[in-house]
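*Asks:* Just dropping this structure here.
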Amino acid sequence: MTSSDAPPSSPKTAAQSYDAIVIGAGHNGLAAAAKLGRSGRRVLVLEAANAPGGAMRGREFAPGFRSAGLAHLVNRLDPEVARDLGIALAATPGPAMPTAVLDGEREPAVLRGAYGETIDGVTADEAAAFSRLRDKLTFQAGILKRFLRRAPPQLGAIGIGDISTLMAAGFGVIRKGRAEGRDFLRMLLMNVADVADEYLEDDRLKGLLAFDATLGIHLGPRSPTSLLGLYYRLTGEADGKAGGQFIPQGGMAAVAPAFLKAAETAGVTIRCGARVGRILADRGKAGGVVLADGSELSAPVVVSAIHPQATFLQLVDAAETGTGFLRAIRHVRSAGNVAKLDLALSRMPSFAGLSGRDHAGRIVIARSMTHVENAFNPAKYGEFSPDPVMEIVLPSLADSTLAPDGACTLSALVQYAPYKLKAGWETGKPAFLRIVIDILERHAPGLSDTILAAELSTPADIEAEYNLPGGHWHHGELQADQLLVNRPTGAASGYATPIEGLYLASAGAHPGGGISGLAGWNAARHILAGDRR
Amino acid sequence: MNALTKPANAAEARRAARDHIATPRLETPFHPRLSALDAVNDWYNWAGCKAPHALFDEELEYFAIRSTAALFDISPMVKYRIDGPDAERYLNRLTLRDVRKLGVGRVHYTAWCDDDGHVLDDGTLFRLGDQDFRLCCQERHLPWLLDSAFGLAVDIREETEEIAGVALQGPTSYAVLAKAGFSGAERLKPFDIGSFAHDGGTVTVSRTGFTGDLGYELFVPRQAALPLWDRLWTAGADHGIRAIGYAALNRTRIEAGFIVANADFVTAEAALRADRVRLPDEIGLDWLVDPDKPNFNGRRAILDARRNQTLKHVLVGLEIEGNIPAEHAFVYHRGKREAGLVTAAIWSPTAKRNVAIASLDRPYGTRFVDDLWVEIYAMRELKYQKMMKRAKIVPRPFVKLARRTATPPGLR
């Protein structure tokens, strides 16, 4: 060997080239970056907005009042992701965050523990029936859960890991006996209404299941396969318990910094206000990005932690992908149905029948299964619900910095508010806001007089604010046809895409949305596995 | 974006849509001349049009192509007009060859694939202007072409019915053009396009064809079709011009070694069975694939298949002993192991050889190229006579004519 055999020094300046570039500093982008950074790679995260956090980017929505972003509680942060990346987000010690279901007539039904381990306000028989259903659904969700932490099997290239997961799932199905296994296969694609009717009598509990199964999904509780949404909810856990939920110490505003810290600790560079204009690709191979300001950054690995449609319809040259692939990406259904309401209140509201302590929990307004179904009906025809259902949290109770002393913030996820509103959101928004506030007033008399400011983000607003096509927080409908090997579409379902070196890592990839960190973490592990797969 | 014009009102649209049943077979712009010359009433359906299988005698029509001049109506051929600032980039993404290398006023043969690299069709691409192209092919592809245009500034419209086309093929074809007053046609080299005055408008003439002979293809707006036909017919009177049907043309295309979509291979969109689709390399179109040009549909799949050696088929030319055409015959290795199928076969009067195009299952045709046989079933008065004939892989074309490429072309 002579000295001339030494590898030539890289012709590119180090400042412009990285081992990996991650687009989007949402929690999935940061999780992917942190995982990649920990392997010693030089990783750069590019964020278009002026601050990291993505949909958890906080903002001041009225003088002195802040909102922590789209999400107002954590119910599916993956413990393995949190442990691996050192994300320390834990609930305030004490009882688990409850869920109160209000119907405006009876006292609230309050689910305590993880997804109603005990329930106040219902009969003992009903609580026992709920417990049986909860156990069954949790068991079944547990079978599906094992698929969340790994890339979906790639048809035509099923590996040993895929087979072991499938076998484990198969074993899971029969673990409790043949009858339980058969029941799982019976229920898997059912609608949540029929399942709830089999077990429950109480309309409030049925309303809650209907709400949780359909939140963020364009389905009503009686739509086929609507149970999948509830399974997805129950694959999430808090404090090791399926179906749990919490607001971390420091409030939701602590979530984005926790992911940010994980990335920074891993040596990742994060640049905000750096909008990507184009992903560079040549003959099917990614090579970096060009920023909106024209500067070019190179990397053999580009991880897109933004919506798959934003990735392929806006950033990648159409000619660099196949016609069939782009057709499939364009057909990804991603029209959001949820509006986010932020209210600035001069004092804490009081929901009728609800103890002061339970105001710190999750409050769901859903009278019955039929209420949720009726709320969905107009959404099918491009109209918002005249009698919507919603989930309410009072964020300033957990994080007093969000509102001035004595004042309070209220956050609500309201559905159904279809992205493509026939009348247009310009006229629709004030009308819908009035309806939502009327409902709040009915359940918390006096609330409307305390409103200092109200901001309603329709799916159209969410789309604009977070560059989220359709304003859909799952980055694409979470329905049977857009799951697993079809998320977001067959040829890009394993984080890798038809463009070599370009990976997807957002909620639009497997397993889907919610603050789990799994899409980003899985994508990074897939990249790191490389040829060892 | 497409050729469908918007009707004035719904009722009118319904009536217009209903009336199509009155003409289950469309007549081409040249139909009045073809039907006047027709002696055998032997029509078939070509892409929804009435087209002659033969007009008077298949054998004599064949010899018109090879000995004098033949007029063949190609109006039913599907034609798309593609123009706009991104037209070149669009076609480069759509098709296998590098369109940047296709000069204005030139034609090239090409093919296009789906994302999996399976061939959707083959055809000819005419570069009429810097941003103006015409794509001619066998099957219809408008949805695919429109979807491929997403994100690109390009306009695509089908002009099959608006544009009449006629192929003038054979050794005296240039003489006919010269006599008809197409001065300057002598300068057209193979795959060149020229524009000539005709009847107050223009006729686009390309030195192309499907016969492997000297020949031209002429395109005019539909209303100029009959005067063009008459102009050629009159000029060709002393040059043995004949109108021909597809049967004769098919013989010459086999001699020239050309393949026909959904005859020699099944197009990806037409295939019902998963294993019937074909990669370019599996139907002899590997030479069209240009890995150095910008990305195109199917690129990754084709290159992967080459690298991983997962190509399953190969298209070969065969020469078969005897003189019985082996159409759709089984091909065997060592006379017993099935190795493929003959997709087209004729006794070639020009080559004086029994030739065939066959699709073989690799490694037959690649590693095992000797000891091939075809099993011909010849129906002889309600009894099959089975013949096992020796076959030899030979290069295509089976017939190579110097006059096809000679420029200036000969007058006889």
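*Asks:* For region A:194-244: of the residues being among the β-branched types (Val, Ile, Thr) and closer than 22 Å to residue A:72 by Cα, which is surrounded by the fewest Cβ atoms within 10 Å (Cβ to Cβ)? I'd like the intermediate steps shown before the answer.
*Replies:* Start the filter on region A:194-244 by keeping residues that are among the β-branched types (Val, Ile, Thr), which leaves A:195, A:214, A:217, A:225, A:235.
Within this subset, residues satisfying the condition of being closer than 22 Å to residue A:72 by Cα are A:214, A:217, A:235.
Working: A:214: 29, A:217: 24, A:235: 26.
Out of the qualifying residues, it is A:217.
*Asks:* From the residues in region A:409-444 that are part of a loop (DSSP other than H, G, I, E, B), touching a residue at least 60 places away in the same chain (Cβ under 8 Å) and aliphatic (A, V, I, L, M), which one is nearest to residue A:351 (Cα to Cα)? If you could, list the steps in order and put the result at the bottom.
*Replies:* Let us first name the residues in region A:409-444 that are part of a loop (DSSP other than H, G, I, E, B), namely A:416-424, A:444.
This time we only want the ones that are touching a residue at least 60 places away in the same chain (Cβ under 8 Å), so: A:416-420, A:444.
From what is left, the residues that are aliphatic (A, V, I, L, M) are A:417, A:444.
Working: A:417: 24, A:444: 4 Å.
Among residues in region A:409-444 that are part of a loop (DSSP other than H, G, I, E, B), touching a residue at least 60 places away in the same chain (Cβ under 8 Å) and aliphatic (A, V, I, L, M), the one nearest to residue A:351 (Cα to Cα) is A:444.
*Asks:* Another question, if that's okay. Could you tell me which numbered condition residue B:396 fails, if it satisfies all but one of (1) more than 20 Å from the chain's Cα centre (by Cα); (2) not in a strand (DSSP E or B)?
*Replies:* Tallying (1) more than 20 Å from the chain's Cα centre (by Cα); (2) not in a strand (DSSP E or B), residue B:396 fails exactly one: (1).
*Asks:* Right, another one. For region A:246-290, what are the residues that are within 14 Å of chain B (Cβ to nearest Cβ), at negative phi and without any contact (Cβ under 8 Å) to a residue 60 or more places away in the chain? Full working, then the answer.
*Replies:* The initial filter retains those residues of region A:246-290 that are within 14 Å of chain B (Cβ to nearest Cβ), namely A:278-287.
From what is left, the residues that are at negative phi are A:278-282, A:285-287.
Correct list: A:278, A:280, A:282.
*Asks:* Go through region A:499-533 and report how many residues are small (Gly, Ala, Ser) and outside any helix (DSSP H, G or I). Lay out the reasoning, then the answer.
*Replies:* Going residue by residue through region A:499-533, those that are small (Gly, Ala, Ser) are A:501, A:505-509, A:512-514, A:516-517, A:519-520, A:523-524, A:529-530.
Right, trim to outside any helix (DSSP H, G or I) and you get A:501, A:505-509, A:512-514, A:516-517.
Residues flagged as small (Gly, Ala, Ser) and outside any helix (DSSP H, G or I) within region A:499-533 amount to 11.
*Asks:* Inspect region A:310-331 for any residue being away from chain B (no Cβ under 14 Å), among the charged types (D, E, K, R) and surrounded by fewer than 20 Cβ atoms within 10 Å (Cβ to Cβ) and give the result as yes or no. Full working, then the answer.
*Replies:* So in region A:310-331, the residues away from chain B (no Cβ under 14 Å) come out as none.
Looking for residues that are away from chain B (no Cβ under 14 Å), among the charged types (D, E, K, R) and surrounded by fewer than 20 Cβ atoms within 10 Å (Cβ to Cβ), one finds none in region A:310-331, hence no.
*Asks:* Next up: Condition check: among the charged types (D, E, K, R) and either under 30 Å from residue A:403 (Cβ atoms) or surrounded by 24 or more Cβ atoms within 10 Å (Cβ to Cβ) (or both). Does residue A:500 satisfy that? I'd like the intermediate steps shown before the answer.
*Replies:* Working: among the charged types (D, E, K, R): yes; either under 30 Å from residue A:403 (Cβ atoms) or surrounded by 24 or more Cβ atoms within 10 Å (Cβ to Cβ) (or both): no.
Against the criterion (among the charged types (D, E, K, R) and either under 30 Å from residue A:403 (Cβ atoms) or surrounded by 24 or more Cβ atoms within 10 Å (Cβ to Cβ) (or both)), residue A:500 does not qualify.
*Asks:* Pick out the one residue from B:120, B:168 that is touching a residue at least 40 places away in the same chain (Cβ under 8 Å), within 14 Å of chain A (Cβ to nearest Cβ), of a type in the set (A, V, I, L, M, F, W, C) and surrounded by 23 or more Cβ atoms within 10 Å (Cβ to Cβ).
*Replies:* Numbers: B:168 fails: within 14 Å of chain A (Cβ to nearest Cβ).
The conditions single out B:120.
*Asks:* State which residue pairs qualify: first residue farther than 21 Å from residue B:223 by Cα and inside region B:28-54, second residue modelled with pLDDT under 95 and not in a strand (DSSP E or B) in any location, beta carbons under 8 Å apart, and separation of 6 or more residues or different chains.
*Replies:* Between residues of region B:28-54 that are farther than 21 Å from residue B:223 by Cα and residues that are modelled with pLDDT under 95 and not in a strand (DSSP E or B), the close pairs are B:43/B:25; B:45/B:25.
*Asks:* Hey, another quick one. Output yes when any residue across region A:88-100 is buried (at least 16 other Cβ atoms within 10 Å of the Cβ), among the small types (Gly, Ala, Ser), at pLDDT 90 or above and over 30 Å from residue A:260 (Cα atoms), and no when none is.
*Replies:* yes
*Asks:* Looking at region B:338-354 only, could you name the residues that are of a type outside the set (Val, Ile, Thr) and touching a residue at least 24 places away in the same chain (Cβ under 8 Å)?
*Replies:* B:339, B:340, B:344, B:345, B:347, B:348, B:349, B:351, B:353, B:354
*Asks:* Could you tell me how many of the residues in region A:240-271 are more than 30 Å from residue A:360 (Cα to Cα) and in a helix (DSSP H, G or I)?
*Replies:* Within region A:240-271, residues that are more than 30 Å from residue A:360 (Cα to Cα) and in a helix (DSSP H, G or I) number 3.
*Asks:* Checking the condition away from every other protein chain (no Cβ under 13 Å) and either farther than 30 Å from residue A:324 by Cα or modelled with pLDDT of 95 or more (or both), which residue from B:322, B:298 passes? Outline the logic, then answer.
*Replies:* Numbers: B:298 fails: away from every other protein chain (no Cβ under 13 Å).
Selected residue: B:322, the only one of B:322, B:298 that is away from every other protein chain (no Cβ under 13 Å) and either farther than 30 Å from residue A:324 by Cα or modelled with pLDDT of 95 or more (or both).
*Asks:* Residue under question is residue B:254, and the condition is that it be in a loop (DSSP other than H, G, I, E, B), in contact with a strand residue (DSSP E or B) (Cβ under 9 Å, 6 or more places away or on another chain) and within 30 Å of residue B:363 (Cα to Cα); does it hold?
*Replies:* Values: in a loop (DSSP other than H, G, I, E, B): no; in contact with a strand residue (DSSP E or B) (Cβ under 9 Å, 6 or more places away or on another chain): yes; within 30 Å of residue B:363 (Cα to Cα): yes.
So residue B:254 does not fit the description; no.
*Asks:* Now for a separate question. Out of the residues in region B:259-292 meeting the condition of being among the acidic types (Asp, Glu) and part of a loop (DSSP other than H, G, I, E, B), tell me which one is surrounded by the most Cβ atoms within 10 Å (Cβ to Cβ). Lay out the reasoning, then the answer.
*Replies:* Applying the first criterion (among the acidic types (Asp, Glu)) to region B:259-292 yields B:264, B:269, B:275, B:281-282, B:286, B:290, B:292.
Imposing the further condition that a residue be part of a loop (DSSP other than H, G, I, E, B) reduces the set to B:264, B:269, B:290, B:292.
Working: B:264: 21, B:269: 15, B:290: 18, B:292: 6.
So, considering only residues that are among the acidic types (Asp, Glu) and part of a loop (DSSP other than H, G, I, E, B), the one surrounded by the most Cβ atoms within 10 Å (Cβ to Cβ) is B:264.
*Asks:* Residue B:88 - would you say it is surrounded by fewer than 24 Cβ atoms within 10 Å (Cβ to Cβ), more than 14 Å from every other protein chain (Cβ to nearest Cβ) and not polar (S, T, N, Q)? Quick ask: steps written out before the conclusion?
*Replies:* Details: surrounded by fewer than 24 Cβ atoms within 10 Å (Cβ to Cβ): yes; more than 14 Å from every other protein chain (Cβ to nearest Cβ): no; not polar (S, T, N, Q): yes.
No, not satisfied.
*Asks:* Which one of these is surrounded by fewer than 21 Cβ atoms within 10 Å (Cβ to Cβ) and of a type in the set (D, E, K, R): B:230, B:213?
*Replies:* Working: B:213 fails: surrounded by fewer than 21 Cβ atoms within 10 Å (Cβ to Cβ).
Of B:230, B:213, the one residue that is surrounded by fewer than 21 Cβ atoms within 10 Å (Cβ to Cβ) and of a type in the set (D, E, K, R) is B:230.
*Asks:* Let me ask something else. Would you say residue B:73 is away from every other protein chain (no Cβ under 12 Å), surrounded by fewer than 22 Cβ atoms within 10 Å (Cβ to Cβ) and more than 23 Å from residue B:269 (Cβ to Cβ)? Steps first, please.
*Replies:* On the way: away from every other protein chain (no Cβ under 12 Å): yes; surrounded by fewer than 22 Cβ atoms within 10 Å (Cβ to Cβ): no; more than 23 Å from residue B:269 (Cβ to Cβ): yes.
In short, no.
*Asks:* Let me ask another. Only residues that are more than 23 Å from residue A:521 (Cα to Cα) and within 13 Å of another protein chain (Cβ to nearest Cβ): list them for region A:291-309, please.
*Replies:* Selection gives nothing.
*Asks:* Looking at B:81, B:33 in this structure, which one is touching a strand residue (DSSP E or B) at 6+ places or on another chain (Cβ under 8 Å), basic (Lys, Arg), more than 14 Å from every other protein chain (Cβ to nearest Cβ) and under 18 Å from residue B:160 (Cα atoms)?
*Replies:* Just one listed residue meets the conditions, B:81.
*Asks:* Here is a list of conditions, (1) within 14 Å of chain A (Cβ to nearest Cβ); (2) outside any helix (DSSP H, G or I); (3) surrounded by fewer than 19 Cβ atoms within 10 Å (Cβ to Cβ), and residue B:100 meets all of them except one; can you say which number that is?
*Replies:* Checking residue B:100 against (1) within 14 Å of chain A (Cβ to nearest Cβ); (2) outside any helix (DSSP H, G or I); (3) surrounded by fewer than 19 Cβ atoms within 10 Å (Cβ to Cβ), the one that fails is (2).
*Asks:* Here is a follow-up. Does region B:148-158 include one or more residues that are away from chain A (no Cβ under 14 Å), surrounded by fewer than 20 Cβ atoms within 10 Å (Cβ to Cβ) and touching a Lys or Arg at 6+ places or on another chain (Cβ under 6 Å)?
*Replies:* Yes, the conditions are met somewhere in region B:148-158.
*Asks:* Right, something else. When only residues in region B:129-147 that are surrounded by fewer than 20 Cβ atoms within 10 Å (Cβ to Cβ) and farther than 24 Å from residue B:271 by Cα count, which is farthest from the other protein chains (Cβ to nearest Cβ)? It would help to see each step written out before you state the result.
*Replies:* Here is the first cut: in region B:129-147, the residues surrounded by fewer than 20 Cβ atoms within 10 Å (Cβ to Cβ) are B:129-132, B:138-140, B:142-143, B:146-147.
With farther than 24 Å from residue B:271 by Cα added as a condition, the list becomes B:129-132.
Values: B:129: 20, B:130: 18, B:131: 16, B:132: 19 Å.
Going through the qualifying residues, I end up with B:129.
*Asks:* Let me ask you something else. Pairs please, first residue from region A:314-332 and free of Cβ contacts under 8 Å to residues at least 40 places away in the same chain, second anywhere and assigned to a helix (DSSP H, G or I) and among the aromatic types (Phe, Trp, Tyr), Cβ atoms under 7 Å, 6+ apart in sequence or on different chains.
*Replies:* A:323/B:144; A:326/A:312
*Asks:* While we're looking at this one, here's another question. Quick check on my filter: what residues within region B:62-97 are more than 30 Å from residue B:233 (Cβ to Cβ) and either more than 20 Å from the chain's Cα centre (by Cα) or part of a strand (DSSP E or B) (or both)?
*Replies:* Let us first name the residues in region B:62-97 that are more than 30 Å from residue B:233 (Cβ to Cβ), namely B:82-97.
Correct list: B:82, B:83, B:84, B:85, B:86, B:87, B:88, B:89, B:90, B:92, B:93, B:95.
*Asks:* Here are A:426, A:455, A:441, A:463: which of them is more than 14 Å from chain B (Cβ to nearest Cβ) and under 28 Å from residue A:246 (Cβ atoms)? Give the derivation first.
*Replies:* Values: A:426 fails: under 28 Å from residue A:246 (Cβ atoms); A:441 fails: under 28 Å from residue A:246 (Cβ atoms); A:463 fails: under 28 Å from residue A:246 (Cβ atoms).
Within the list A:426, A:455, A:441, A:463, the selection yields A:455.
The values are calculated or read from the model by the stated rules, or taken from the named source; none is laboratory data. Nothing here was measured: the structure is a model prediction, and the numbers come from that model. With ideal geometry, Cβ positions are generated from the backbone for all residues, glycine too; neighbour counts draw on all protein chains shown.
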